[in-house]
1. Quick check on region 225-244. Is at least one of its residues within 30 Å of Ser33 (Cα to Cα), assigned to a helix (DSSP H, G or I) and not aliphatic (A, V, I, L, M)?
2. Got at least one residue in region 202-223 being aliphatic (A, V, I, L, M), open to solvent by 40 Å² or more (accessible area, probe 1.4 Å) and more than 16 Å from the ligand (Cβ to nearest atom)?
3. Does Gln247 meet the test of being within 19 Å of Lys117 (Cα to Cα) and either in the same structural domain as Phe286 (by the TED database) or open to solvent by less than 10 Å² (accessible area, probe 1.4 Å) (or both)?
4. Which residues, taken from region 35-53, are closer than 22 Å to Ala169 by Cα and assigned to a helix (DSSP H, G or I)?
5. List pairs: first residue in region 140-160 and assigned by the TED database to the domain that holds Glu98, second residue open to solvent by less than 30 Å² (accessible area, probe 1.4 Å) and of a type in the set (Asp, Glu) anywhere in the structure, Cβ distance under 8 angstrom, at least six positions apart or on different chains.
6. If I ask for residues that are in contact with a Gly (Cβ under 8 Å, 6 or more places away or on another chain), away from the ligand (no atom under 16 Å from the Cβ) and among the β-branched types (Val, Ile, Thr), which ones from region 100-148 would you list?
7. Looking for whichever is of a type in the set (Gly, Ala, Ser), in contact (Cβ under 8 Å) with a residue 12 or more places away in the chain and closer than 20 Å to Gly196 by Cα here; the options are Ala128, Ala175. Which one fits?
8. Do you know which residues across region 11-34 are outside any helix (DSSP H, G or I) and either touching a Leu at 6+ places or on another chain (Cβ under 8 Å) or crowded, with 19+ Cβ neighbours inside 10 Å (or both)?
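The values are calculated or read from the model by the stated rules, or taken from the named source; none is laboratory data. All values derive from a computational prediction rather than experimental measurement. For neighbour counting, all protein chains shown are included, and Cβ atoms are generated from backbone atoms with ideal geometry for every residue, glycine included. Just the protein is used for accessible areas: all its heavy atoms, side chains included, with ligands, DNA and RNA removed. Shrake-Rupley method; radii C 1.70, N 1.55, O 1.52, S 1.80 Å.
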Amino acid sequence: MQKRPLLGLTLAELQNVVKNLGMPGFSAKQIASWLYDKKVISIDDMSNLSLKHRGLLKEIYEVGAEAPMDAMRSVDGTVKYLYRTGEGHFVEAVYIPEEDRATLCVSSQVGCKMNCKFCMTGKQGFAANLTSHQIINQISSLPEREKLTNVVMMGMGEPLDNLDEVLKALEVMTASYGYGWSPKRITLSSVGLRKGLKRFIEESDCHLAISLHSPVPLQRRDLMPAEKAFSITEIVELLRNYDFSKQRRLSFEYIVFKGVNDSLTYAKELLKLLRGVDCRINLIRFHAIPDVDLEGADMETMTAFRDYLTSHGLFTTIRSSRGEDIFAACGMLSTAKQEENKGKLI
Ligand code: SF4
């Protein structure tokens, strides 16, 4: 029988596990501590559980820690890890070390349904939602996990399209029984889905980044089909109902495409759209991907764009680009090839 993973379970779920096995209620917290604090990889190591209870657990469960099956290292120190998440399914997670922090870009789905024009994951199509276990395992089994300071849910997939499992994983990351991280260390990035955005804002305190990419609905629709279902103007109107002026940060991601959305006309439209919203904008350089007729704007144009927005009161940064040489930068994650070649990899 295929054993079920304990890793990724919330405390409430662990309480159910111990109850169903006839174990005392306090064992749930003990198991959480072994999983998320001591990070054991075997139930045998849970030494404050009786042998009998470890035996009962092992009949149905395993820890479920699964090391990445491959890694690619960039010249800039970024490392792209490949995790197997099921029969023929793979996801990537990207470790990005910087001087004062180390961030992991985590995936939430195998592929993605959103089909953004500029994204390789979108071209791959959708294969499966990740479970909370598969999301947490990207962190727990990361070779550099003790160095991690931040997590961004910006890898493969649209997190709001898999919100139940993503919220469970975020709970494990932030709860005192889990990793106990401040929600300020975690950012969820989304195209903005009608179903999910409100729930995420109300049920989580993590930072939010909205993929904006164009303030003009018709153009945004061409870049991001999700615009048809929930337009950027509706997204911004919804966000206006919440207070982002305190601990929680709201940012907008804006890939600057040459000759498409890089003129000051667009900067002016952005100012109009976001007037009165407490937020920042991150400008992102576009990384060319096969079969897509888009080019990235040059640095001079991006700097002028940034300076215009900043001088009009909208805090704007140019995000540094990492891991381009190993296809680990924004919009470049895809495991389609691995799926094709699964027989060779496993
Ligand atoms: S950019 Fe994000 S939402 Fe869009 S296709 Fe890629 S993974 Fe999906």
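1. Applying the first criterion (within 30 Å of Ser33 (Cα to Cα)) to region 225-244 yields none.
No: region 225-244 contains no residue that is within 30 Å of Ser33 (Cα to Cα), assigned to a helix (DSSP H, G or I) and not aliphatic (A, V, I, L, M).
2. Let us first name the residues in region 202-223 that are aliphatic (A, V, I, L, M), namely 208-210, 212, 216, 218, 223.
Remaining after also requiring open to solvent by 40 Å² or more (accessible area, probe 1.4 Å): 216, 218.
Then keep just the ones that are more than 16 Å from the ligand (Cβ to nearest atom); that gives 216, 218.
Yes, region 202-223 contains a residue that is aliphatic (A, V, I, L, M), open to solvent by 40 Å² or more (accessible area, probe 1.4 Å) and more than 16 Å from the ligand (Cβ to nearest atom).
3. Working: within 19 Å of Lys117 (Cα to Cα): no; either in the same structural domain as Phe286 (by the TED database) or open to solvent by less than 10 Å² (accessible area, probe 1.4 Å) (or both): yes.
Criteria not met by Gln247.
4. Listed by number, the residues that qualify are Leu35, Tyr36, Asp37, Ile43.
5. The qualifying pairs are Gly155/Glu92; Met156/Glu92.
6. Thr131, Ile136 - these are the residues of region 100-148 that are in contact with a Gly (Cβ under 8 Å, 6 or more places away or on another chain), away from the ligand (no atom under 16 Å from the Cβ) and among the β-branched types (Val, Ile, Thr).
7. Numbers: Ala175 fails: closer than 20 Å to Gly196 by Cα.
One residue alone meets the criteria, Ala128.
8. Step one: list which residues in region 11-34 are outside any helix (DSSP H, G or I), which gives 21-26.
Correct list: Leu21, Gly22, Met23.
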